[in-house]
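Colleague: Quick one: structure below, then a few questions.
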Amino acid sequence: MSDEKAVRAALPAELADMVKAIRVEHGRATLVVDAAGLGRAAGAQVQGELEAAVSAVEGVGEVRVALMADRPQRRIVAVGSGKGGVGKSTLTANLAVALARAGHKVGVVDADIYGPSQPTLLGGADEKLRAEGKQLVPFDSPHGVKTVSMGQLVERGKAIAWRGPMVGQALAQLMDADWGDTELLLIDLPPGTGDVQLTMLQKFRPIGAVIVSTPQDLALIDATRAIDLFGQAGVPVLGVVENMAGYVCPHCGEESDPFGSGGAQAAAERIGIPFLGRVPLSLEIREASDAGQPPAASDGAAGKPFAAIAAQLAAALA
């Protein structure tokens, strides 16, 4: 029996079909294994079982197992804003949930290192991330979205006082988590055009960006700066979302526009980029978000704007 045949005969029956090639040379056995669809832990288990089985073959002094897997074509979409307080994180969480309900495999990276909020929004405020090897394992939210956030790595309420290089390292660790078969990553960026944005653009190259703004002039001025940053980096802006657009009084039913109306849509049309839709200023959205129950997870009225925006985004990505 040749060395290769002896190694093949020693393979566990349940793993034999995964071994696509065997080479034995100078006492070293090299196995090429199809590990497509296996997570990090399952891959490590397969590797260990094969090494143990082949090490017992006479004449084999060293075993090398090469796990080969086609990585999914993962796309990255950045969600940004020119200023804080416009509801960007809430939009990101609900957009992710709406996309997941529509059948997409979605993950969220909470890149707002200093002010992480995705754990609260997606129902994982009390969950801590774990690591396998050198990779973080994302939290599987109850709404079908994988999430990583600094908020799940540090003590709640603890200030993160880091300079730029440390923030860049933290972002890289979040981005390089074990995302499994996730197809689309939404990146909840911090407000502004600082270190995190530059690191994201230079190292991870999103395929597009979504800009969130409220209708008033000040927010639109800052949103325009964010749009310009992505333009300079060659990242297309897939569309603008107008948040806090209109308020319906729960007592009298009268609708008002405390932040104005239509400003973000007008700005998008003026610049020549798509307008994805608007989300009203709503007590229901705020209460559901604080409770870790994104409105987009239900079929209620509060979730409909997010579903419509998700459909627009999905069409743009297609």
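Colleague: In region 126-153, what count of residues is obtained for those that are within 23 Å of P294 (Cα to Cα) and without any contact (Cβ under 8 Å) to a residue 12 or more places away in the chain?
Modeller: Looking only at region 126-153, we keep the residues that are within 23 Å of P294 (Cα to Cα), and these are 126-129, 137-153.
Filter once more, so that each one left must be without any contact (Cβ under 8 Å) to a residue 12 or more places away in the chain: 126, 140.
Count: 2.
Colleague: Can you pull out the residues in region 172-190 that are assigned to a strand (DSSP E or B) and over 24 Å from G85 (Cα atoms)? Before you say what the answer is, go through the steps one by one.
Modeller: Within region 172-190, the subset assigned to a strand (DSSP E or B) is 184-188.
Answer for region 172-190, where residues must be assigned to a strand (DSSP E or B) and over 24 Å from G85 (Cα atoms): just L184.
Colleague: Please verify whether region 113-122 includes one or more residues that are part of a helix (DSSP H, G or I), touching a residue at least 24 places away in the same chain (Cβ under 8 Å) and out of contact with any strand residue (DSSP E or B) (no Cβ under 7 Å at 6 or more places or on another chain). So that I can check it myself, show each step before the final result.
Modeller: In the first step, residues of region 113-122 are kept if they are part of a helix (DSSP H, G or I); the result is 118-121.
Right, trim to touching a residue at least 24 places away in the same chain (Cβ under 8 Å) and you get 118-121.
Narrowing the set further to residues that are out of contact with any strand residue (DSSP E or B) (no Cβ under 7 Å at 6 or more places or on another chain) leaves 120-121.
Yes; the residues of region 113-122 include at least one that is part of a helix (DSSP H, G or I), touching a residue at least 24 places away in the same chain (Cβ under 8 Å) and out of contact with any strand residue (DSSP E or B) (no Cβ under 7 Å at 6 or more places or on another chain).
Colleague: May I ask you to list the residues in region 53-70 that are more than 17 Å from D178 (Cβ to Cβ), surrounded by 12 or more Cβ atoms within 10 Å (Cβ to Cβ) and without any contact (Cβ under 8 Å) to a residue 40 or more places away in the chain?
Modeller: S55, E62, V63, R64, V65, A66
Colleague: Checking G107 against (1) modelled with pLDDT of 95 or more; (2) more than 18 Å from L313 (Cα to Cα), which test does it fail?
Modeller: Status for G107: all satisfied but (2).
Colleague: Mind counting the residues in region 92-125 that are under 15 Å from Q293 (Cβ atoms) and not aliphatic (A, V, I, L, M)? Reasoning before the result, please.
Modeller: Going through region 92-125, the residues under 15 Å from Q293 (Cβ atoms) turn out to be 93-94, 96-98, 100-101, 117-125.
Still in the list and also not aliphatic (A, V, I, L, M): 94, 101, 117-120, 123-124.
Matching residues across region 92-125 total 8.
Colleague: Continuing with the same structure: In the set A100, A111, which member is in the same structural domain as Q173 (by TED's automatic domain parsing), buried (at least 24 other Cβ atoms within 10 Å of the Cβ) and of a type in the set (A, V, I, L, M, F, W, C)? Before the answer, list the steps.
Modeller: Details: A100 fails: buried (at least 24 other Cβ atoms within 10 Å of the Cβ).
The conditions single out A111.
Colleague: Can you tell me how many residues within region 1-45 are in a loop (DSSP other than H, G, I, E, B) and either free of Cβ contacts under 8 Å to residues at least 60 places away in the same chain or touching a Lys or Arg at 6+ places or on another chain (Cβ under 8 Å) (or both)? I'd like the intermediate steps shown before the answer.
Modeller: Within region 1-45, the subset in a loop (DSSP other than H, G, I, E, B) is 1-2, 11-15, 26-27, 35-39.
Then drop every residue that is not either free of Cβ contacts under 8 Å to residues at least 60 places away in the same chain or touching a Lys or Arg at 6+ places or on another chain (Cβ under 8 Å) (or both), which leaves 1-2, 11-15, 26-27, 35-36, 38.
Going through region 1-45 one residue at a time, the tally reaches 12.
Colleague: Let me ask something else. If you go through region 98-112, how many residues are among the acidic types (D, E) and in a strand (DSSP E or B)? Steps first, please.
Modeller: At the first step, the residues of region 98-112 found to be among the acidic types (D, E) are 110, 112.
Subset that is in a strand (DSSP E or B): 110.
Residues meeting the conditions: 1.
Colleague: A follow-up question, please. Which number in (1) surrounded by 16 or more Cβ atoms within 10 Å (Cβ to Cβ); (2) out of contact with any strand residue (DSSP E or B) (no Cβ under 8 Å at 6 or more places or on another chain); (3) not in a loop (DSSP other than H, G, I, E, B) marks the one condition that F259 misses?
Modeller: Exception for F259: condition (3).
Colleague: Taking the residues in region 279-318 that are surrounded by 21 or more Cβ atoms within 10 Å (Cβ to Cβ) and outside any helix (DSSP H, G or I) as candidates, determine which candidate is farthest from the chain's Cα centre (by Cα).
Modeller: Only one residue tops the list, namely V279.
Colleague: I want to confirm something. Restricting to region 16-43 and keeping residues that are among the hydrophobic types (A, V, I, L, M, F, W, C) and loosely packed, with under 15 Cβ neighbours inside 10 Å, which single residue is nearest to Q135 (Cα to Cα)?
Modeller: Filtering first and then ranking leaves A41.
Colleague: For residues in region 49-93 being of a type in the set (D, E, K, R) and not in a helix (DSSP H, G or I), which is modelled with the highest pLDDT? Show your work before the answer.
Modeller: Of the residues in region 49-93, the ones of a type in the set (D, E, K, R) are 49, 51, 58, 62, 64, 70-71, 74-75, 83, 88.
Restricting the remaining residues to those that are not in a helix (DSSP H, G or I) gives 58, 62, 64, 70-71, 74-75, 83.
On the way: E58: 90, E62: 91, R64: 89, D70: 55, R71: 52, R74: 88, R75: 94, K83: 77.
The qualifying residue modelled with the highest pLDDT is R75.
Colleague: Scan region 236-256 residue by residue and report those that are within 13 Å of G80 (Cα to Cα) and either free of Cβ contacts under 8 Å to residues at least 24 places away in the same chain or crowded, with 16+ Cβ neighbours inside 10 Å (or both). Write out each step before concluding.
Modeller: Just the residues of region 236-256 that are within 13 Å of G80 (Cα to Cα), to begin with: 236-243.
Within region 236-256, V237, L238, G239, V240, V241, E242, N243 meet the criteria.
Colleague: Sticking with this structure for a sec: Please count how many residues of region 123-171 are in a loop (DSSP other than H, G, I, E, B) and at pLDDT below 95.
Modeller: Within region 123-171, the first condition is being in a loop (DSSP other than H, G, I, E, B), and the residues that meet it are 123-129, 133-134, 138, 141-144, 153-163.
From the residues that got through so far, the ones that are at pLDDT below 95 too are 123-129, 133-134, 141-144, 153-163.
Adding up the residues that qualify gives 24.
The values are calculated or read from the model by the stated rules, or taken from the named source; none is laboratory data. Nothing here was measured: the structure is a model prediction, and the numbers come from that model. In this analysis, Cβ positions are derived from the backbone assuming ideal geometry, glycine residues included, and neighbour counts consider all displayed protein chains.
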